[in-house]
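Comments concern the structure below.
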Amino acid sequence: MYNLNTARKTKIISFFTILTFMTTGTVMAQRSGISYPQTRKTDVTDNYHGTSIADPYRWLEDDNSADTKAWVKEENTVTQSYLAKIPFREAIKKRLEVLWNYPKVGAPFKKGNWYYFYKNDGLQNQAVLYRQQTLDAPPEVFIDPNKLSANGTVALGSVAFSKNGKYVAYLLAKAGSDWQQAFIMDVETKGMLSDSLNWIKFSGLSWRGDGFYYSRYDQPDESSKLSKKNEYHKVYYHKIGTQQEQDELIHQDKEHPLRNAGLGVTEDERFLILHLSEGTSGSELWYRDMKDPAQTDFRLLVKGFDYEPSVIDNDGDKLLVLTNQDAPDYKVVLVDPKHPEKENWKVIIPEKKEVLQSVGTAGGWLFPNYLKDASTRIYQYSYNGKQEREIVLPGIGTAAGFGAEKKDKELFYSFTSYVSPGMVYKYDLATGKSSLYSKPEVKFNPEDYETKQVFFNSKDGTRVPIFLSYKKGMVKNGDNPVLLYGYGGFNIPQTPGFNVSNLFFMEQGGIFAVVCLRGGSEYGEAWHKAGMMEHKQNVFDDFTSAAEFLIKEKYTEPSRIAIRGGSNGGLLVGACMTQRPDLFKVALPAVGVMDMLRFQLFTIGWAWVTEYGSSEKPEQFKYLLKYSPLHNLKHGTRYPATLVTTADHDDRVVPAHSFKFAATLQEANAGPNPTLIRIDTQAGHGAGKPTSKLIEEATDIWAFTMFNLGMTVK
């Protein structure tokens, strides 16, 4: 069944005068012992509300041009030449391959007569979906995306089974792009149907009867499909055995091109729930009761777009809704669709001190998932709001997977932490007993490592948590290498999770530090709002305050600190390295939003306006300009050793952000530290990246980081 709750998480003037080059070639400039391409510049200026902003590298926004492709090749050559000279680069790769090479098994789920689970044998590029008739039966391969490409760049996305269990529909993505294609398989024979659906994006698959609902855009122009603004999201119904051209248009909005739409179906297939959004914050819900012959179209359930409502399930003819309306930390209410006004809502699970992240359903029970200082707490409730029990978890970490069908008597969930790979537990719904189902056999001893959570005060006095993970025996001598990681945005929490690449850094004596910055959902909507729009500077202050705390407490010192973040976290790194270049030795901005004045012009960037604001509005332009990484690089400044990373198929945060930032940084930097960019090919924003590419990328990042932090490989 389509998860009705997933929609909630889906989701300056130049400071220096420079000579403008109008030629089409490139010249080489000697800087810090590295020959950088001195990127061609053009005379491009924009006027924002009376302020002129130069954008000399605008031409790099055209990812298809011959000039851009030549620049990418030159930059990659420089970067790979630098990395090749690091003496322990190959040793890092070999150790990562050893650590990575262990079976990774996901939590099983039951559909029809089969149990399904994902597994990666160790170094497979993509996880394989297996099935077995009983938990003790030998598993067989069900869908193996590794067979769909020679280099592992085809990834399996959403998988949805029909109600009768006869068919499965699934999505495939190529080379890391957000564009996906849908296929249908006969479950019993594993034979493929002829159906093939294209141009799907930001969509689930939700079955009803002998077909399913999905969301898509019109077919884009081939030359601009990875960069052009995505507009007019539509919902269709596809009936199996028909051509896509015959699909029924369920919803479109010609008056609001910048709205996204998704449609989910309750487990009993009674209610259709239409979820609309105008960005990454705020939703509106519409419904259709398929048992009501008088209702032939959708009706409003919860008006948008000031809050974050989502339908959990129906209880007969009423709907259970998770919402933060009048409850910043969220609550669950029962809504009568025929009388959906707020005054008629019945509170089923009231707001608590801890923030409610999501609610799963299984066996006729509700499983609310709370965060206590960014660590999971899970409870079991009846549909009428009675708490049955708290599920005892192994410790501080993240639990996930509390979902199954109403007829099921059991479910499976996973638990992970920063120093422990994911374990799977079997949970008996009647007794509340958890039993260990599977535990990975890893090639290191998790008992050698530990995590502790500490708190510090940010610049304005706000108490902020930070997780510190390291090898036991670490001494607070002020000289430990630290990788400081953060995200801080879009209502996304940073909760404990295992990553074998980070384990390698800890193995080498490093401290892996994760800051729970404002902008996330660790402490509810108030925490989120304190790090968005005009309050975004709070996020950067939290991050720099974390570094200052670690220095003050004798964990480390500036020459031993690397900072890392991706996407919105790439913006975080870019802003902090431009605001406090003295505080960090290494900066690792990945697929970052670096141009805060133009992000809304590409692909899905317009949806982030609800989080950031827009340069098209005078007051918002002012604060965006103050922290936009691209526009705050100052000529003659000594910046940290920087390795920018991006990919050619990133159509979430288009690579032009990183291209323009890297070109400007290479010209501005006055110090001895290298400023490089690594541009991956046949890869995107990160989702679905094959294991081989993950290891290659991790090798380069750790080689660059350790070399510039003065580390060696043990």
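Of all DSSP beta bridges located in the chain, what percent are antiparallel, nearest 5?
Numbers: 124 of 148 bridges.
Here the share of antiparallel DSSP bridges comes out near 85 percent.
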Rounded to whole angstrom, the alpha-carbon centroid of region 215-266 lies from that of region 541-604 at a distance of 36
For Lys617 and Asp144, extending 7 Å from Cα along the Cα-Cβ vector and measuring point to point gives, in nm, a value of 5.2
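Rg/Rh for region 541-646 to two decimals, with Rh computed the Kirkwood way over all alpha-carbon pairs.
Numbers: Rg = 14.5 Å, Rh = 14.4 Å.
Rounded to two decimals, Rg/Rh equals 1.01.
For Tyr232 and Leu300, what is the calculated FRET efficiency with R₀ set at 30 Å and r taken between the beta-carbons, to the nearest 0.05?
Working: r = 21 Å, r/R0 = 0.71.
Approximately 0.90, to the nearest 0.05.
Give me Leu258, Leu123, Leu320 ranked fewest to most by other Cβ atoms within 10 Å of their Cβ, as a rough exposure proxy.
Details: Leu258 18, Leu123 12, Leu320 24.
In increasing order of surrounding Cβ atoms, one gets Leu123, Leu258, Leu320.
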One checks the Cα atoms of the chain and finds Rg and Dmax, in Å, of 25.3, 76
One finds the C-alpha centres of region 90-157 and region 346-380 to be spaced, in Å, by 30
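So if I place +1 on the C-beta of Lys and Arg and -1 on the C-beta of Asp and Glu, and nothing else carries charge, what would the dipole magnitude of region 244-374 be about its Cα centre? I want it in debye, nearest 20. Don't jump to the answer; show the numbers that get you there.
On the way: 15 positive and 26 negative charges, 78 e Å.
In total the dipole reaches around 380 debye.
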Any residue on another chain or 5+ positions along whose placed amide H is under 5 Å from the amide H of Gly122 is listed here as Lys104
Note to self: Kirkwood Rh of region 51-180, Cα pairs, one decimal, Å, is 19.0
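For Asn64 and Ala91, FRET efficiency with R0 = 41 Å and r from the beta-carbon atoms, rounded to 0.05? Intermediate results must be reported in sequence, preceding the final value.
Values: r = 38 Å, r/R0 = 0.94.
So, using R0 = 41 Å, E works out to roughly 0.60.
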To the nearest 20 debye, region 352-441 has a Cα-centred charge dipole, built from +1 on Lys and Arg Cβ and -1 on Asp and Glu Cβ, of 200
Calc'd 3J(HN,Hα), region 216-229, phi into Karplus 6.51 cos²θ - 1.76 cosθ + 1.60 (θ = phi - 60°), Hz, glycine/Pro = x, comes to 7, 10, 5, 4, x, 5, 4, 6, 10, 5, 9, 9, 5, 4
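Can you tell me how much longer the chain between Lys714 and Gln38 gets when fully stretched, taken as 0.36 nm per residue apart minus their C-alpha distance, in nm with one decimal?
Values: separation 676, 0.36 × 676 = 243.36 nm, distance 3.72 nm.
Additional length available on full extension: 239.6 nm.
Starting from the Cα-Cα distance between Asp317 and Glu441, subtract it from 0.36 nm times their residue separation and give me the gain in nm to one decimal. Can you show the working numbers first?
Values: separation 124, 0.36 × 124 = 44.64 nm, distance 4.74 nm.
Full-extension gain reported as 39.9 nm.
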Ranked output for segments 493-503, 377-387 by mean other Cβ atoms within 10 Å, highest leading, reads 493-503, 377-387
Here the FRET efficiency for Asp186 versus Ala137, based on Cβ atoms and R0 = 25 Å and rounded to 0.05, is 0.80
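Hey, how much of the P(r) for region 195-258 falls beyond 16 Å, as a percent of Cα pairs? Don't jump to the answer; show the numbers that get you there.
Numbers: 954 of 2016 pairs.
Here the long-distance tail beyond 16 Å is 47 percent of all Cα pairs in region 195-258.
Among 190-199, 327-336, 525-534, how do they line up from the highest to the lowest mean number of other beta-carbon atoms within 10 Å? Spell out each step's value before the answer.
Values: 190-199: 13.4, 327-336: 20.9, 525-534: 18.8.
Ranking, from highest mean packing down: 327-336, 525-534, 190-199.
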Zone reached by a paramagnetic label modelled 7 Å from Thr431 Cα along Cα→Cβ, restricted to region 92-119 with backbone N below 11 Å, covers none
Over region 33-96, the quotient of the Cα radius of gyration and 2.2 N^0.38 Å is 1.65
Taking Glu441, Glu522, Glu557 and counting other beta carbon atoms within 10 angstrom, the fewest-first order is Glu441, Glu557, Glu522
With 0.36 nm assigned to each residue of separation and the Cα-Cα distance removed, Gln243 to Gln387 gains 47.1 nm
From the Cα centre of region 280-308 to that of region 409-472, the distance in Å is 37
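Most exposed first by the Cβ proxy, i.e. fewest other Cβ within 10 Å, how do Lys303, Lys443 rank? Show your work: numbers first, answer last.
Numbers: Lys303 15, Lys443 12.
With the sparsest Cβ surroundings first, the list reads Lys443, Lys303.
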Expected sort for 463-472, 417-426, 572-581 on mean C-beta neighbours within 10 Å, highest first, is 572-581, 417-426, 463-472
Under the Karplus relation with 6.51, -1.76 and 1.60 and θ = phi - 60°, whole-Hz ³J(HN,Hα) for region 127-133, x at Gly and Pro, equal 5, 9, 8, 10, 9, 8, 6
For region 352-441, averaging the sequence separation of alpha carbon pairs under 8 Å that lie six or more residues apart and dividing by its residue count, the contact order in percent is 20
One would report the Cα pair-distance distribution of region 139-232, bin width 10 Å, in %, as 14, 45, 31, 9, 1
The ³J(HN,Hα) series, computed from each phi in region 293-308 with the Karplus coefficients 6.51, -1.76 and 1.60 at θ = phi - 60°, rounded to the nearest Hz and given as x for glycine or proline, is x, 7, 9, 10, 8, 6, 10, 5, 9, 9, 5, x, 10, 8, 10, 10
For region 352-441, one quarter of the surface area of the C-alpha convex hull, expressed in nm², comes to 5.8
Between Asp221 and Asn76, the two model label points (7 Å from Cα along the beta-carbon direction) sit apart by a distance in nm of 2.5
In nm, the gap between the two label points placed 7 Å beyond Cα toward Cβ at Glu267 and Lys338 is 2.5
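No value in this document is a laboratory result; all are computed from the given coordinates. Predicted model, so just to flag it, every value in this text is computed and none were measured. Cβ coordinates were reconstructed from backbone atoms using ideal geometry, including for glycine residues, and neighbour counts include every protein chain displayed.
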